[in-house]
Amino acid sequence: MLVLFGLKAQDTARIRWNPIDTFRLAMLKTPGLRLGFDSRKSIMSGVPVDVNGLRYGLDFGKVALWTGYYNSKLFQTIDKDTLNQGFEYYSSTLEYYVHQSWRFEVVTSFQAGIGNGWEYRKRGADIRKANLGTIVPLEAGIGGTVRFLRYFGFYAGVGVRFSGMQTTNFTGPYWSYGLTYFTGTMYKDGKKWINKNYR
């Protein structure tokens, strides 16, 4: 629905959509520095897990470039074994906004990184540690936000993750949803208020 809305909005405005030109023009702008969390839900080894991320990057308006650190852990009990498994990786992301307006945004994201996985398996007093090897996560997804108040809105996104190495446990879907806060609008309004009342 978000993709169709974005494409329809551009068609209504009679804008010829050319991603290459849009990307080139966006990169000519002075970017803004951004810092934020990038967490989502996922499936690893058939078990739901949280993927926690922290990222920073440059926002060019229509295009954003990010670099971040991500990790996840899962716990399983298989027969009499307690399994503690985790992945951690560094990744860079390219985001392209298909549609942007004050109330709606639709963004596509493409992510690539490198990291590793590990595993602890415990049976009684016996603990075995194993290195699951290198992972090369490749992710593609789409998401969007709807602003229902000036500073608050709702976001949702879905995507899929592959790994060129160690694909058995790491490949899977991911998704996220929840409230979002428009810190850029908060900052601009706060700056205007300070300039108006203290200058």
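The values are calculated or read from the model by the stated rules, or taken from the named source; none is laboratory data. Small disclaimer: the values here were computed from a predicted structure and weren't measured. Heads up, the Cβs are rebuilt from the backbone with ideal geometry, glycines too, and the neighbour counts pull from every protein chain shown.
Quick rundown of the values:
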quantity: Tally, over segment 24-44, of residues that are among the acidic types (D, E) and either exposed (fewer than 13 other Cβ atoms within 10 Å of the Cβ) or at pLDDT below 80 (or both); calculated: 0
quantity: Residue match in segment 114-135 (condition: among the acidic types (D, E) and over 24 Å from S92 (Cα atoms)); calculated: yes
quantity: Condition met for I142 (under 22 Å from V51 (Cα atoms), surrounded by 16 or more Cβ atoms within 10 Å (Cβ to Cβ) and more than 16 Å from the chain's Cα centre (by Cα)); calculated: no
quantity: Test: residue in segment 135-147 that is farther than 20 Å from W66 by Cβ and modelled with pLDDT under 90; calculated: no
quantity: Selection status of S176, surrounded by 14 or more Cβ atoms within 10 Å (Cβ to Cβ), touching a strand residue (DSSP E or B) at 6+ places or on another chain (Cβ under 7 Å) and at pLDDT 90 or above; calculated: yes
